[in-house]
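A.B. asks: Pasting a structure below so you can have a look.
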Amino acid sequence: MSQNHDQLLVVTDVHKVFGSEETATHVLKGISFTLYRGEMVALIGASGSGKSTLLNILGTLARPSAGQVMMLGKDLTDADDETLTDFRNHHIGFVFQFHHLLPEFTALENVVFPTAVREGRERTTAKERGTALLTLVGLDDRLHYRATQLSGGQKQRVAIARALMNQPELVLADEPTGNLDRASALQVMELLADINAESQTTFLISTHDDQIAARCSRQIVIQDGVIDA
Amino acid sequence: MLYGAKMAWRYLWSSPGQTVLLIAGVAAAVFIFIFMSALIGGLAELLVNRTIGNLAHVSVEAPDRALPVLVQQPGRQVLAMRQVSTRARLGLSAPASWEKILREFHEVETIAPKLVGGGVLIRGDVTRQVSINGLRPGHESSIIHFDRGMVAGSALLRGDGLLIGKKLADDLGIGVGRTLTLRADDGNETSLTVSGLFSLGVSQLDENSAFIEMGTAQALLDRPGRVSVIEIRLADLYAAPAMARRIHAATGLDATPWTDTNEELFEALKAQGNTGSILKVFAMITVVIGVASALMLTTFRRRSEIGIMRAFGAKRRFILYVFVLQGSLIGLAGGLAGAVLAIAALSPFPPIDQVQPGQLPVDLRQGAIGLAVLLTTLGATLAALLPARSASRLDPVDAIQQ
Ligand SMILES: Nc1ncnc2c1ncn2[C@@H]1O[C@H](COP(=O)(O)OP(=O)(O)OP(=O)(O)O)[C@@H](O)[C@H]1O
Ligand SMILES: [Mg+2]
């Protein structure tokens, strides 16, 4: 059991089929792998290979057509929406390609959201943590800027801070640098690597950029719907 | 749900122009709602005041004694029939016990017995035919509102007091404090002193009626202890037909609602009320459609944000709450704004009893302001429910990927 203790996420024979009958697209055809605590893993694959699809399933935003996803020893495959929502809130953080901040809200308010929505209000302790996280990503001078007043790179750093807000065990990042110029992209990767080194947070980062992938401790390649070892 | 309220508030004011416009639209509908209520209510009150303001809502009398049945006999034919009402002569005995029974109906507001007869007022060689009305002291103004139309003297009757119209008094050439004779149709006479003069604008009352104290009337008309009719006013005058049926069922007495003798007015008031209701329903439908379509657009525009919120742990009911609350807030704000507008616009209108010909009879008290605000808030909340529900059921993946 001691080796199980280090297992964060166990994916077993996951399939995903979109559509039905004749128009069915079999995107994932039996994906199996394990993520361990503290890892920083790159998910590599050509465009359309199913990276986003897999991340959505792992993030409990979508359900697999077949197979099993276990996280923290819990089987998430058949849990109901409310349970999954709670689970996400506590244990999973997301960074999306197009940052998707809430535009009417300030950087700090965006970062605090995952805690506030759970507690029903914006507590001082949450704001303090939010401030600390924004400081960590180098935006302590932009706390009260609206999302619309930030640059692309800045928005993505706010999104990273938000993903870390509830101290999740797993952060799923879907092409977090795909929308940034090279300098900003490297900066963001630097930041993720630092956070990973300092905390036990596990990162799974999808990308088709080899240079980005090289910054990770391990690579998982997805091809023709299966893991290509 | 403080946090949800903050989100709703922030969303509303992220496009202030659109929100203000929406609230203004709702306010306009609420204004129409209140204005229609006030106008229909005021109009009804005006008509009722003018036409049946001095009438009983239900008149209770002794039932007519059953007439003998005429049997057709072979070889004979009925050529003519004459029905004679017996109740005018007999009236109700023991009115006090009937009154006690009538008082048990909680819809009944006022009960006033009256004894009626015919006679002549005589002043020197001037005479005027009048209807004699015996009223119980203390109930003089219960049915006919003498107190609102007194010109001289007092509306209270006692002993040999006489209450007549100003016009009749002018015809007879007398004033308050003067004495004259009242002779009943069957010859009895009594001497009375004019104690009050009124002008009600109803010629039957102003020119052809004499009001005297009940005891005096009973002696004059030779009907001790009896009354002709017990007149009733109800809290809701539209309840008269139903009340009349119930009184008849309970007492066996004849009970006539005002609507029997004023059927056209009753129908007109009903039609008017229906027209008002239709307009009010349309005003509410406008609110619902406006709010629903605005929120439909909002939820669509915020699809990706909704997806993100769901990804970060917002439950379905949180999303539902955020968007429903926007509807409720719009409804409440629009409702209050419309109410304030209506109060400001309708306050200058004179009270119904002071309305001059050509003026709109608007009665703000009948504007159903509370109801308007409540219905609007409820309507807007319901209107928001559908778009909010579909927002809460968005697939987060679809929403984020768009
Ligand atoms: N909702 C859907 N319905 C049908 N097909 C879908 C749906 N979502 C994804 N697909 C298909 O699944 C395949 C994988 O899509 P996915 O977005 O996971 O690829 P990806 O690896 O993330 O690509 P990219 O690198 O371009 O982001 C694609 O062929 C896509 O057309
Ligand atoms: Mg993708």
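A.B. asks: Of all residues being out of contact with any Leu (no Cβ under 6 Å at 6 or more places or on another chain) and surrounded by 24 or more Cβ atoms within 10 Å (Cβ to Cβ) in the range A:172-188, which is farthest from B:A314 (Cα to Cα)? Just the residue, please.
C.D. replies: My answer is A:T177.
A.B. asks: Let me ask you something else. Looking at this structure, is B:G313 in a helix (DSSP H, G or I), of a type in the set (G, A, S) and within 14 Å of another protein chain (Cβ to nearest Cβ)?
C.D. replies: So B:G313 does not fit the description; no.
A.B. asks: Checking A:G120 against (1) more than 16 Å from ligand 1 (Cβ to nearest atom); (2) farther than 23 Å from A:L192 by Cβ; (3) more than 13 Å from chain B (Cβ to nearest Cβ): exactly one of these is not met. Which one?
C.D. replies: With respect to (1) more than 16 Å from ligand 1 (Cβ to nearest atom); (2) farther than 23 Å from A:L192 by Cβ; (3) more than 13 Å from chain B (Cβ to nearest Cβ), A:G120 is out only on (3).
A.B. asks: Out of curiosity, is A:Q211 within 14 Å of chain B (Cβ to nearest Cβ), more than 16 Å from ligand 2 (Cβ to nearest atom) and surrounded by fewer than 16 Cβ atoms within 10 Å (Cβ to Cβ)?
C.D. replies: Here the answer is no, as A:Q211 does not meet what is asked.
A.B. asks: Let me ask something additional. So if I check each of B:A240, B:A250, which one is crowded, with 22+ Cβ neighbours inside 10 Å and farther than 28 Å from B:Q129 by Cα?
C.D. replies: Step by step, each of B:A240, B:A250 is checked, and only B:A240 is crowded, with 22+ Cβ neighbours inside 10 Å and farther than 28 Å from B:Q129 by Cα.
A.B. asks: Let me ask something else. Look at the range A:35-78 and say how many of its residues are within 13 Å of ligand 2 (Cβ to nearest atom) and assigned to a strand (DSSP E or B).
C.D. replies: Qualifying residue count, the range A:35-78: 2.
A.B. asks: Please determine, by comparing only the residues of the range A:157-180 that are within 16 Å of ligand 1 (Cβ to nearest atom) and more than 10 Å from chain B (Cβ to nearest Cβ), which one is farthest from B:F312 (Cα to Cα).
C.D. replies: Looking at residues that are within 16 Å of ligand 1 (Cβ to nearest atom) and more than 10 Å from chain B (Cβ to nearest Cβ), I get A:L180.
A.B. asks: Pick from the range A:62-91 the residues that are touching a Pro at 6+ places or on another chain (Cβ under 9 Å) and under 19 Å from B:A399 (Cβ atoms): which of them is surrounded by the most Cβ atoms within 10 Å (Cβ to Cβ)?
C.D. replies: Among them, the one singled out is A:R88.
A.B. asks: Right, something else. Being in contact with a Lys or Arg (Cβ under 6 Å, 6 or more places away or on another chain) and crowded, with 21+ Cβ neighbours inside 10 Å is true for just one of B:G338, B:G313, B:G307, B:G327. Which residue is that?
C.D. replies: So the residue among B:G338, B:G313, B:G307, B:G327 that is in contact with a Lys or Arg (Cβ under 6 Å, 6 or more places away or on another chain) and crowded, with 21+ Cβ neighbours inside 10 Å is B:G313.
A.B. asks: Search the range B:1-27 for residues being more than 14 Å from every other protein chain (Cβ to nearest Cβ) and out of contact with any helix residue (DSSP H, G or I) (no Cβ under 7 Å at 6 or more places or on another chain), and hand back the single one that is surrounded by the fewest Cβ atoms within 10 Å (Cβ to Cβ).
C.D. replies: Looking at residues that are more than 14 Å from every other protein chain (Cβ to nearest Cβ) and out of contact with any helix residue (DSSP H, G or I) (no Cβ under 7 Å at 6 or more places or on another chain), I get B:G17.
A.B. asks: Please state which of the following conditions B:I343 fails to meet, knowing it meets all the rest: (1) among the β-branched types (V, I, T); (2) surrounded by fewer than 19 Cβ atoms within 10 Å (Cβ to Cβ); (3) modelled with pLDDT of 95 or more.
C.D. replies: (3)
A.B. asks: Oh, and also: What tally of residues in the range B:214-249 results from selecting those that are under 23 Å from B:E109 (Cβ atoms) and not basic (K, R)?
C.D. replies: 21
Each row is one residue, and each column tells you yes or no for (1) within 29 Å of A:I195 (Cα to Cα); (2) away from chain B (no Cβ under 14 Å); (3) away from ligand 1 (no atom under 13 Å from the Cβ); (4) within 14 Å of the chain's Cα centre (by Cα).
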residue: A:V27; (1), (2), (3), (4): no, no, no, no
residue: A:G30; (1), (2), (3), (4): no, yes, yes, no
residue: A:S49; (1), (2), (3), (4): yes, yes, no, no
residue: A:L54; (1), (2), (3), (4): yes, no, no, yes
residue: A:A66; (1), (2), (3), (4): no, yes, yes, no
residue: A:T83; (1), (2), (3), (4): yes, no, yes, no
residue: A:G93; (1), (2), (3), (4): yes, no, yes, yes
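A.B. asks: Looking at (1) more than 16 Å from ligand 1 (Cβ to nearest atom); (2) of a type in the set (S, T, Y); (3) crowded, with 18+ Cβ neighbours inside 10 Å, which is the one condition that is false for A:S206?
C.D. replies: That leaves (1) as the condition not met.
A.B. asks: When you check B:L162 against the structure, is it outside any strand (DSSP E or B) and without any contact (Cβ under 8 Å) to a residue 60 or more places away in the chain, yes or no?
C.D. replies: Against the criterion (outside any strand (DSSP E or B) and without any contact (Cβ under 8 Å) to a residue 60 or more places away in the chain), B:L162 does not qualify.
A.B. asks: Do you know which of the residues in the range A:95-112 that are at the interface with chain B (Cβ under 7 Å from one of its Cβ atoms) and within 16 Å of ligand 1 (Cβ to nearest atom) is nearest to the chain's Cα centre (by Cα)?
C.D. replies: Here the residue is A:F96.
A.B. asks: Tell me, which residue of the range A:1-15 that is away from ligand 1 (no atom under 13 Å from the Cβ) and surrounded by 20 or more Cβ atoms within 10 Å (Cβ to Cβ) is farthest from A:L172 (Cα to Cα)?
C.D. replies: A:V11
A.B. asks: Are any of the residues in the range B:190-201 over 26 Å from B:Q354 (Cα atoms), within 36 Å of the chain's Cα centre (by Cα) and at pLDDT 90 or above?
C.D. replies: Yes - at least one qualifying residue is present in the range B:190-201.
A.B. asks: Taking interchain pairs and intrachain pairs at least six residues apart, which have beta carbon atoms under 7 angstrom, with the first residue in the range A:41-57 and within 21 Å of A:G93 (Cβ to Cβ) and the second charged (D, E, K, R) and near ligand 1 (Cβ under 6 Å from one of its atoms)?
C.D. replies: If the second residue must be charged (D, E, K, R) and near ligand 1 (Cβ under 6 Å from one of its atoms), the pairs left are A:L43/A:K51.
A.B. asks: Let me ask another. The conditions are (1) touching a residue at least 60 places away in the same chain (Cβ under 8 Å); (2) more than 18 Å from B:P113 (Cβ to Cβ); (3) of a type in the set (K, R), and B:R223 fails exactly one of them. Which is it?
C.D. replies: (2)
A.B. asks: So A:Q97 clears everything in (1) in a helix (DSSP H, G or I); (2) within 16 Å of ligand 2 (Cβ to nearest atom); (3) not aromatic (F, W, Y) except one condition, right? Which one?
C.D. replies: Tallying (1) in a helix (DSSP H, G or I); (2) within 16 Å of ligand 2 (Cβ to nearest atom); (3) not aromatic (F, W, Y), A:Q97 fails exactly one: (1).
A.B. asks: Now, a different point. Looking at (1) crowded, with 18+ Cβ neighbours inside 10 Å; (2) under 21 Å from B:R316 (Cβ atoms), which one does A:V27 not meet, given that it meets all the others?
C.D. replies: A:V27 satisfies every listed condition except (2).
A.B. asks: Ok, one more. Only one residue in A:L180, A:L172 is over 16 Å from the mean Cα position of the chain (by Cα), within 16 Å of ligand 2 (Cβ to nearest atom) and closer than 30 Å to A:Y36 by Cα. Which one?
C.D. replies: Being over 16 Å from the mean Cα position of the chain (by Cα), within 16 Å of ligand 2 (Cβ to nearest atom) and closer than 30 Å to A:Y36 by Cα holds for just one of A:L180, A:L172, which is A:L180.
A.B. asks: With (1) farther than 21 Å from A:A173 by Cβ; (2) away from every other protein chain (no Cβ under 14 Å); (3) within 16 Å of ligand 2 (Cβ to nearest atom) as the list, and A:F18 as the residue in question, which single condition is left unmet?
C.D. replies: Only one criterion is unmet by A:F18, namely (2).
A.B. asks: Any chance the range B:281-295 includes a residue that's at pLDDT 90 or above and either outside the structural domain of B:G370 (by TED's automatic domain parsing) or assigned to a loop (DSSP other than H, G, I, E, B) (or both)?
C.D. replies: no
The values are calculated or read from the model by the stated rules, or taken from the named source; none is laboratory data. Owing to the predicted nature of the structure, the values given are computational and were not obtained by experimental measurement. All Cβ positions, even for glycine, are placed from backbone atoms using ideal geometry, and neighbour counts span all protein chains on display.
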